[in-house]
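Structure first, commentary second.
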Amino acid sequence: NAGVTQTPKFRILKIGQSMTLQCAQDMNHNYMYWYRQDPGMGLKLIYYSVGAGITDKGEVPNGYNVSRSTTEDFPLRLELAAPSQTSVYFCASRETGVPDTEAFFGQGTRLTVV
Amino acid sequence: DQQVKQNSPSLSVQEGRISILNCDYTNSMFDYFLWYKKYPAEGPTFLISISSIKDKNEDGRFTVFLNKSAKHLSLHIVPSQPGDSAVYFCAASAGQGGKLIFGQGTELSVKP
C-alpha cells in the first residue's frame, strides 16, 4: 500500500552540489508531477510526465532536469544547487490527465541549500 | 502572476461552526477546480472538486461553490471539527496533462 514514495525525506546540500530526488509510485499511473512549495506559498509545478519517455516543463523548470525511463520512477535532478532551491519538493501521480481524477502526493523532500 | 489566489493566509473557527475558505482565479480557461488538504510533514490529499459547468458540489460535510462570473470559488465545511485543522489549497486545471495551478493556501484552525 505504498502509493507515492519520495526519498530522501530531508537533505542539506552545499551550493554547487548536485543531487537526485527520487520518486516512485506503485499504482501504474501514467501521469507524474514534481512540485516545489516555498514557505507561505502554494505548490509550483516544476516538471511533469504523461508517460515513460515523455516529459515537459512546468511553471518553474530552471535549474532542474527530469527523466522518465519507467512508468514507476520519475527522478528530479538538481545539477548546481543554489540557495533559491531551498524548498519542500513534492512528487505526485495520477491515473489519467483528466483533471478530476485524484492526484496522489508523496510525503515530500525538505531540501536546504547552504 | 498568480493565477489562483487565496487571500486569507489563516482562518480560526469554533468547533461545530461553519468554515468558509475562499479562492479567486484569473484564467477563464480553467475547467476544473480542486481543493486539497495538507497536514504538517505530509503531502497534500485530495478533498473535493468541481467542474466549471457546475456551480455546486457536495461531499458529506464539504461543499464547494463556484461563481464563474466572479471567478471565485469557496469551500464550506459544516460542521467544522478539530481534525479539520490543516492547510487547504485551492487548485485549478486547464489544458492537457492534468497540470494543477495552486493557490498559496489557507491555514484553518478549528478550536474545541
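The values are calculated or read from the model by the stated rules, or taken from the named source; none is laboratory data. A quick note: this is a predicted structure, and the numbers were derived from the prediction, not measured. Methodologically, a virtual Cβ is constructed for each residue, glycine included, from the backbone with ideal geometry; neighbour enumeration extends over all protein chains shown. Please note that ligands, DNA and RNA were not included when accessible areas were found on the heavy atoms of the full protein model with its side chains. Shrake-Rupley method; radii C 1.70, N 1.55, O 1.52, S 1.80 Å.
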Of these, A:Gly40, A:Gly63, which one is of a type outside the set (Asp, Glu) and touching a helix residue (DSSP H, G or I) at 6+ places or on another chain (Cβ under 9 Å)?
-> A:Gly63
Does any residue in the stretch B:33-44 that is in a loop (DSSP other than H, G, I, E, B) come within less than 6 Å, Cβ to Cβ, of a residue that is small (Gly, Ala, Ser) six or more places away or on a different chain, and which pairs are these?
-> B:Tyr39/B:Ala86; B:Gly43/A:Gly106; B:Gly43/A:Gly108
Looking only at the stretch A:13-57, and only at residues there that are closer than 28 Å to B:Pro9 by Cα and open to solvent by 50 Å² or more (accessible area, probe 1.4 Å), the one that is modelled with the lowest pLDDT | A:Gly40
Strands (runs of 3 or more DSSP E) wholly inside the stretch B:70-112 containing at least 1 residues that are more than 8 Å from every other protein chain (Cβ to nearest Cβ) and in contact (Cβ under 8 Å) with a residue 40 or more places away in the chain | B:72-77, B:86-93, B:106-111
What number of residues in the stretch B:23-45 are surrounded by 21 or more Cβ atoms within 10 Å (Cβ to Cβ), touching a Lys or Arg at 6+ places or on another chain (Cβ under 8 Å) and facing chain A (nearest Cβ under 10 Å)?
-> 1
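B:Asp1: free of Cβ contacts under 8 Å to residues at least 60 places away in the same chain, over 13 Å from A:Leu43 (Cβ atoms) and either open to solvent by less than 20 Å² (accessible area, probe 1.4 Å) or not in a strand (DSSP E or B) (or both), yes or no?
Details: free of Cβ contacts under 8 Å to residues at least 60 places away in the same chain: yes; over 13 Å from A:Leu43 (Cβ atoms): yes; either open to solvent by less than 20 Å² (accessible area, probe 1.4 Å) or not in a strand (DSSP E or B) (or both): yes.
Considered against the rule, which asks whether it is free of Cβ contacts under 8 Å to residues at least 60 places away in the same chain, over 13 Å from A:Leu43 (Cβ atoms) and either open to solvent by less than 20 Å² (accessible area, probe 1.4 Å) or not in a strand (DSSP E or B) (or both), B:Asp1 comes out as yes.
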Among the residues of the stretch A:1-10, count how many are away from every other protein chain (no Cβ under 12 Å) and in contact with a Gly (Cβ under 7 Å, 6 or more places away or on another chain).
-> 0
Being part of a strand (DSSP E or B) and open to solvent by 70 Å² or more (accessible area, probe 1.4 Å) narrows it down to one of B:Ile48, B:Ile20, B:Ile53, so name that one.
-> B:Ile20
Among the residues of the stretch B:54-76, is any of a type in the set (Gly, Ala, Ser) and closer than 26 Å to A:Asp56 by Cα?
-> no
How about the stretch A:11-63: which strands (runs of 3 or more DSSP E) wholly inside it have at least 1 residues that are away from chain B (no Cβ under 12 Å) and free of Cβ contacts under 8 Å to residues at least 40 places away in the same chain?
-> none
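Would you confirm, using the coordinates I've provided, whether A:Val88 is open to solvent by less than 70 Å² (accessible area, probe 1.4 Å), under 21 Å from B:Tyr88 (Cβ atoms) and assigned to a strand (DSSP E or B)?
yes
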Provide a single number: the residues in the stretch A:98-112 that are more than 7 Å from every other protein chain (Cβ to nearest Cβ) and charged (D, E, K, R).
-> 1
Surrounded by 13 or more Cβ atoms within 10 Å (Cβ to Cβ) and within 14 Å of chain A (Cβ to nearest Cβ), is that true of B:Asn7?
-> no
